[in-house]
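Every number here is computed from the coordinates shown, using simple stated rules; none is lab data. Given the structure is predicted, the values throughout are model-derived calculations rather than measurements. Cβ placement follows ideal geometry from the backbone for every residue including glycine, while neighbour counts extend to all protein chains displayed.
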Amino acid sequence: MIRPQRTALGIGLILGSVLLMAFSDAVVKRVSADLTVWQVFAVRSAFAIPVIYILMRSARIGLRMRAPRWAILRSVLLVFTWLAFYASLPVLNLSVAAVAVYTNPIITALLSALLIGEPVTARRWVGVLLGFLGVVVILRPGSDAFSWYVLLPLLAAILYSLAMVITRVKCQEEAPLALALVLNLAFAVTGLVAAALLAAIDLPAGLAAAHPFLFADRGLLGLEGMGLRDFAVMAGLAALSIVYFVGVARAYQVAEPSLVAVFDYAYLISAAFWGFVFFAERPDALTVAGMVLITAAGLTVASPRPRRRAQA
């Protein structure tokens, strides 16, 4: 049974979560020249898992889940979401990758209407359209500014949207910490298995040289070459991931996915900010125009619905 909507709580949770998420993604982009995505997955989760477990024990949250298969499917989708998105970061500007992946609010609104029958008012459809136009303005498909690498964050957007609809429909009664634990276990297993495969398989040297973030061999456990600073960064990312994974899960549990998804657009502003701070990336005029359209989309969708007059 779906609980009554707690819209304000859901909006607050998603805004705080995407701010931390953008900072974390900027850090991952920063370390992508020195580490592999598999090291990030495995080591970050190695720090996060015991902390989440301790928090669950403190809150007396059991390990048994009501819908473990759906929680696992959700986690698999999110692992591939972050894999596709992280794979694009060494090539794309953070703000461009962010815009591409943030087609997901549009996809989530559509999936929520088609798959679970969530009401999407005419005003919200206008907001979705504005958001879509903003994305097109920024990505500029067909122009010289377009890159095929944007297909990776676009794929991530589809996977993320599916995961969030599953969160709403099948995992609403699960504790957010339990969902975060399953997700981090999935990250750890994926990272360790991939690192072991890279250590066992002889890939072409040119492939690893061209895409070290994905294909560099860092040893059987993926720990080869990591220093104290690298482990400290992964510990920090683990702390951030706990906060924003729990926040995102809870936001989609307590409010309509189509509404929460629109406030996900705040990630774009955060990504542009951290892109400037970390990499001196400056959005051009069209990118800024697209972000204005996306902001307008969020305000349009967030506008309160008109109340019906009481019947006499």
Considering every residue within the range 180-202, establish whether at least one is over 23 Å from Leu15 (Cβ atoms), outside any helix (DSSP H, G or I) and aliphatic (A, V, I, L, M). yes
Residue set Leu83, Leu63, Leu115; condition among the aliphatic types (A, V, I, L, M) and surrounded by 16 or more Cβ atoms within 10 Å (Cβ to Cβ); output residue Leu83
